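Novice: One structure follows; several queries about it will come next.
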Amino acid sequence: MGLVCRGDTSGAMKSILRHSTSLILYAGLIVSICLSVWSLLRTDIYRQQTELILGQASEIQWRASQSKEKVARIIGYLNVAVRSGEKPPRLLLEIQLLSFNLKSLVHLDYAATFITPQNIAGLHKAIKAVDTVVLPVAAIGKHYEQALGPMLVIDEYLAGLASAAVDHSQALSATSHIATDAARNRLVFFGALSALILSIISIHQYSRINRKKDQHIRSFSLLFAHMTRTRITALRLFLGYLDGKSHPPREMADAALRTIVELESINEGLMTIGHARAELQPAPLATLLEDIVRNCKYDLRIDADGEAGAVRVPASQFHLLIDELVRNSINAVAARTDPAISIRAYVRRRFLRGAQLVLIVSDNGTGMSPSVLAKAREPFFSTKAGVHVGLGLTNCVELIKTMAGTLDIISAPGAGTSVRITYSI
């Protein structure tokens, strides 16, 4: 069974923690905004309820005051009728209007909200007294003194009813105002919380960008150090032969010259990568694969569907990565009579997360032992003793990190090696 070499566990945990932190912050922001909107809606609802309560209370107070005013007129008319013995012309009309007002008041849909059951029962008694006692007296035009007693009782009752309705409406209005103020306070709190979370997200994203920049600089430093280390060592050995008395062999001078040319090429290549990253020059993956296949002396088997081939990736970085992995595979299969190197690419969809491009370079070469596999990602480690002067797996890992990707290695002696690159798109 093959062995798997994955990225640094602590680094992976940090990445998961950062991702989880981002999700928590965004979730908190969404919840806070939703609660702010809910508080705003509740504030408007409480405001409407307050206006409705005030309107209903005003209606009850107006009807009660109108009834009390008519009771006062009727009592006046009755006193005049008792003294004069003559029927006042508006007495019957005023009694009918009083009966109508009392019945309208008791039949209001919201009357029970402002008037207690005892007062409602009293209203029904007043209506009955008006209809059965006062109204018949006014109709027949005599015995007016029989109607004075019930009207005085109704007058006192309406005075108490109006006072109770006012007190109850004030209590309801105060309660509604308190609820409105509480909703406004919640709105201010959740609004401030949203602003705070948004500030934290901004700081988090700013720190994340700075971390990516630091990682980019570190990765390129490792790239430069690894790719120039062996050449600088060779030049140092060459300079050791120069003692001022004899000239070095022609082969050594030519090797030193080639090394200088290689160093210049490395510098130009790394500067190209750096500028390409800064200028964000992407290219379709299919174009890069075609170029690598065209310049490879081995037959490469390409398995990439149209979706994966159309993914636009950082051209310089991906070309350098794939080319390095293919070169490693070529070295690994050099001793086999049936060499096989394949490149597979596909797009992986994830629930509630962005899609990923997965690219796998596999070979049936010699593979790596557990000890070699464990060191494959260590800086400056190489199994080729300077023969192959490419990036190396370590710097492949560092370079893919600058693009927020990962690199995993599966290998076993005699079973070949498979390197998988995962890149978010």
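Novice: I'd like to know if region 212-225 contains one or more residues that are aromatic (Phe, Trp, Tyr), at pLDDT below 65 and part of a helix (DSSP H, G or I).
Specialist: Yes, region 212-225 has at least one match.
Novice: Now a separate question. I'd like the full set of residues that are under 15 Å from Ile45 (Cα atoms) and buried (at least 17 other Cβ atoms within 10 Å of the Cβ), limited to region 179-205.
Specialist: Within region 179-205, Ala179, Thr180, Ala183, Arg186, Leu187 qualify.
Novice: Next up: Out of Gly367, Gly405, report the one residue that is modelled with pLDDT of 80 or more, over 29 Å from Arg258 (Cβ atoms) and more than 36 Å from the chain's Cα centre (by Cα).
Specialist: Just one listed residue meets the conditions, Gly367.
Novice: Please verify whether region 101-109 includes one or more residues that are hydrophobic (A, V, I, L, M, F, W, C) and more than 30 Å from Thr180 (Cβ to Cβ). Spell out how you get there, then give the answer.
Specialist: Residues of region 101-109 that are hydrophobic (A, V, I, L, M, F, W, C), as a first pass: 102, 105-106, 108.
Now drop any that are not more than 30 Å from Thr180 (Cβ to Cβ), which leaves 102, 106.
Yes, the conditions are met somewhere in region 101-109.
Novice: Does at least one position in region 59-76 carry a residue that is part of a helix (DSSP H, G or I), at pLDDT 80 or above and of a type in the set (Ser, Thr, Tyr)?
Specialist: yes
Novice: Here is a check on your reading of the model: is Leu105 assigned by TED's automatic domain parsing to the domain that holds Thr50, of a type outside the set (D, E, K, R), touching a residue at least 60 places away in the same chain (Cβ under 8 Å) and under 30 Å from Ile53 (Cα atoms)?
Specialist: Here the answer is no, as Leu105 does not meet what is asked.
Novice: Are any residues in region 108-149 within 29 Å of Thr50 (Cα to Cα) and buried (at least 16 other Cβ atoms within 10 Å of the Cβ), and if so, which ones?
Specialist: Result: Ala111, Phe114, Ile115, Asn119, Gly122, Leu123.
The values are calculated or read from the model by the stated rules, or taken from the named source; none is laboratory data. Keep in mind it's a predicted model, so treat the numbers as computed, not measured. No Cβ is skipped: glycine too gets one built from the backbone with ideal geometry, and neighbour counts run over all protein chains shown.
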